[in-house]
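Report on the structure given below.
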Amino acid sequence: MRATSIKKAVARSLYCVATRRCRCPSHRPRTTSAMADGKAEEPEVLLDVKGSVAFVTLNRPRALNSLSLGMVTRLLALNLEFSKPGSPVACVVVRGAGGKAFCAGGDVKEVVLRARSGDCSHGSDFFRIEYVNNAAIAQLPVPYIAIIDGIVMGGGVGVSYHGHFRVATERTVLAMPESGIGLFPDVGASFFLHRLPGHLGRYMGLTGQRLSGAEVKDAGFATHLIPSSRLPDLEAAITQLGPRAADPAQLDALLRSLEQTQPPAPAAGTAAGGGGGGGGGGDVSALLSWKLPLINAHFGLGSVAEVVASLEAAVEAADRQAAAAGGGGGGGGRGDEARVFLKDTLAAMRKGSPLSHVATWEMLRRSAAGHMTLRQCLQMEFELAARFVAGQADFLEGVRALLIDKDNRPKWRYGTAREVPEHVVQQLFEPVADEPPLFGAGAALAAAAAPPVVSRM
């Protein structure tokens, strides 16, 4: 999509939001304790232009930088500015505030609270702007570097994956956990998950399991792996490049120079199985050395139900073998690691929404079979998201159980993937009549009617 098409899509999205009778907190004045004390509230997105380099900071550290509607709207407006001919910005660097997370995803709790009160427009507005921003990142005419240090989940993957460079560290923990809350992996996941090695994309999208450290790079979510201690050096070096930061080759050389052969091991508890090794030319991580063959053996089957049955049989066989070897323990070898990995994978599958699993499977099938572009994938995901927000799937119940009431006992519509009717899945993919498309015909009309995008650079 050319820059002019991006502008039309931006205008369309902002117009669709502006013409609703919006009741979301992002679009009305907020009263906070800081405001009551006469203190200015810090913006949720910070912009610091140093010479030719724009540093964009996601600034909701207490919420692990999860994305609000106001944040995605601001990010989209910034990316439009960076895309303008003659922009002084040669490179964009995106990072997260607080030291714990790059971005833990979208603020789905707010989306569901609004939907349960009868305001589904907030969710539609959020996903519309978020997805158009994903497309805008992919089409930026200048290099885009996401420093994915710490937690990266869901929407955080969307703010990073579509850019030129994604820099992970030993502290990076990445997941696509949407099916666990009754949603589906979005932000372009239907475009990139089936492009990961083997059947890793299905595994990530269905289980929500985490990758860490070098695994993130070996999976393809990161382009470089740099020790977190070198991040200040990286940012300083990018700034020193000045206008030369517009050259992806120079940036790649810089990033490679800061990689190291043996990165530090991930912090304890960041991910099952660990992600040590790999990186800038060393040994591959556990993901590629032994996890991926197991993933391929099970997630390469023909349906969600077959995957679950295969995992159940493998876990039972591994348990019998371990018991025969001496009471359930195998001395801590690779066989024990594999058994634990399979058990964790099966447990994750059993926790998620069966309807979300089957919808995710169909979404990935459609994308791969149709050789869909990123824009086509985002449009498909938007139609799915609108129906999930409207209550046609398990999204409202999943967020209620895990994030609102926190009873951790979601009542899914179906007990297993085999119980999900095919017609129910197909209905989720039908176009939504009252939602205009993200891209394409009619964008010029929307652009003409939309309010101007005000730059705060």
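A few notes on this one:
- Neighbours by Cβ (under 6 Å, 6+ apart or cross-chain): first from the range 343-355, without any contact (Cβ under 8 Å) to a residue 60 or more places away in the chain; second among the aromatic types (Phe, Trp, Tyr): none
- The set of residues in the range 242-258 that are open to solvent by less than 30 Å² (accessible area, probe 1.4 Å) and in contact with a Gly (Cβ under 9 Å, 6 or more places away or on another chain) comprises 242, 245, 258.
- Residue match in the range 194-204 (condition: closer than 17 Å to residue 159 by Cα, in contact with a Ser or Thr (Cβ under 8 Å, 6 or more places away or on another chain) and in contact (Cβ under 8 Å) with a residue 12 or more places away in the chain): no
- Test for residue 219: is it more than 19 Å from residue 365 (Cβ to Cβ) and either among the hydrophobic types (A, V, I, L, M, F, W, C) or in contact (Cβ under 8 Å) with a residue 40 or more places away in the chain (or both): yes
- Counting only residues that are over 19 Å from the mean Cα position of the chain (by Cα) and assigned to a helix (DSSP H, G or I), the range 117-145 holds 2 of them.
The values are calculated or read from the model by the stated rules, or taken from the named source; none is laboratory data. Every value quoted in this text rests on a predicted model; they were computed, and no experiment measured them. Cβ: placed from backbone, ideal geometry, glycine included. Neighbour counts: every protein chain shown. All accessible areas refer to the heavy atoms of the entire protein, side chains included, with ligands and DNA or RNA removed. Shrake-Rupley method; radii C 1.70, N 1.55, O 1.52, S 1.80 Å.
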